[in-house]
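In what follows, a structure is listed as structure tokens, so that the remarks can point back to it.
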Amino acid sequence: MNTFTAFIKLIRLPNLLIVALTQYVMRYAIINGILMSIPNGIEIELLMSDLDFFLLSLSTVMIAAAGYIINDYFDVKVDRVNRPGTIIVGKYIKRRIAMGAHIVISSIAVLIGGYLAYQLGNYKLVSIQVLSVGALWYYSTVFKKQVLVGNVIVALLAAMVPFVAGLYELILQHASVDSTVNSLLFQIGSNASFEEVRFDFLQVLSNCMVWILGFALFAFLSTMVREIIKDIEDYEGDKKYYSNTLVVVYGKRVAAIVAQVFGVIMIALIGYLQYQQLMNKDMGSFMYFLFTVQLPMAYVVYKLQTDTQKEDFSKLSKYTKLIMLSGIVYSLYFYYTTINA
């Protein structure tokens, strides 16, 4: 394996593409879809430029890539037990090169975050990139060896992927509410008052945020299930090198039950969403969630009760990843049905 191919494997390029896809569908399918669905030909444009959004997505992808690098850097010994065929650092890429790549990539991501914070006039926003880089470092060195702490950190960072994509745009939209309302009044050309139109527009932005938070919660819960399954899969290596993960401290049965609990919570919440869809006669969305999320997650929950082998948990991890991808793809269906309603 040459160095370039090894580096692509190290940063998990397919996973990075999913991160970018997630953020782009949040922007163009969810937020833009809702803004385009306003009746009477009223137009509300996205305010964050395409270039700035590309930079936001690039910084997110770079932070994720740097996280994979630093995680593998500190996990060489454990991976020799858990995944001996996947070791990159120390075998194809020198350890000092890996550490240097992590520092450079993380630094560029934070600099991009600083530029975007300047563009939005809110310097506090750069803390998102700084805290994400710090969280991934401490996850690799400390948190992943503690009961559930590492799992929660990774799940929160997964939830930040869709959330950040919506946050930046909605900050700009809220900052320009009055000028947008004036434009809407001109487009409407009726006797509607400024306050009424402003209230309606804020409701639209609130609806955008609800959907973004919904995707973030989905990412959090599905990631929790997958991370615990991966910990069960990695039990032997974690136990040998004294990682106090949930499965090492309390055993595989307890870890499986905790993963099942998160899976059931996710099924219940999506069930509530499906109830709302039935009330709105949205059978397409109802059936989509039933066959791509509900039933597959129910299968994972069931298999966690019966499976015992490492290979079984490896398959369940892949199934859960497919469920996560299905949740992202729903945004495309949402866009299609929203603009054609």
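Just so it is clear, none of the values below were taken in a lab; they were calculated from the coordinates. What you see is a predicted model; the values in this text were computed from it and never measured. Using ideal geometry, Cβ is built from the backbone for each residue, glycine included, and neighbour counts are taken over all protein chains shown.
Quick notes on this one:
- Under the simplified labelling scheme, the residue 273-residue 191 pair shows an inter-label distance of 4.2 nm, with each label point 7 Å from Cα along Cα→Cβ.
- The calculated 222 nm mean residue ellipticity attributable to helices in the chain amounts to -26000 deg cm²/dmol, summing -39500 (n - 2.57) over DSSP H runs of n ≥ 4 and dividing by all residues.
- Measure of compaction for the chain (Cα Rg per 2.2 N^0.38 Å): 1.09
- Residue among 146, 277, 294 with the largest mean-square fluctuation in a Gaussian network model of the chain, springs linking Cα atoms under 10 Å: 277
- If R0 is 25 Å, the Cβ-Cβ spacing of residue 213 and residue 118 corresponds to a FRET efficiency of close to 0.40.
- All C-alpha to C-alpha distances of region 146-341, sorted into 5 Å bins beginning at zero, yield P(r) values of 1, 7, 13, 16, 15, 12, 10, 8, 6, 4, 3, 2, 1, 0, 0 percent in whole numbers.
- Ignoring the sites themselves, the chain has its longest run without GluC sites (Glu not before Pro) in a DSSP loop having at most 13 other Cβ atoms within 10 Å at 46-341.
- J(HN,Hα) series, region 270-282, from Karplus relation 6.51 cos²θ - 1.76 cosθ + 1.60, nearest Hz, glycine and proline x: 5, x, 5, 4, 5, 4, 4, 5, 5, 4, 8, 6, 9
- Lysines with Cα under 24 Å of residue 315, excluding same-chain neighbours fewer than 8 positions away: 9, 77, 144, 145, 230, 239, 240, 252, 303
- Structure remark: mean-square fluctuation, Gaussian network model of the chain, C-alpha springs under 10 Å; the largest value among 155, 255, 192 belongs to 192.
- In order through region 323-340: 3J(HN,Hα) via Karplus (6.51 cos²θ - 1.76 cosθ + 1.60), integer Hz, x for Gly, Pro: 4, 4, 5, 4, x, 5, 5, 4, 4, 5, 5, 4, 4, 4, 6, 5, 6, 9
- Degrees separating the helix 149-175 axis from the principal Cα axis of the chain, which is the longest one: 20
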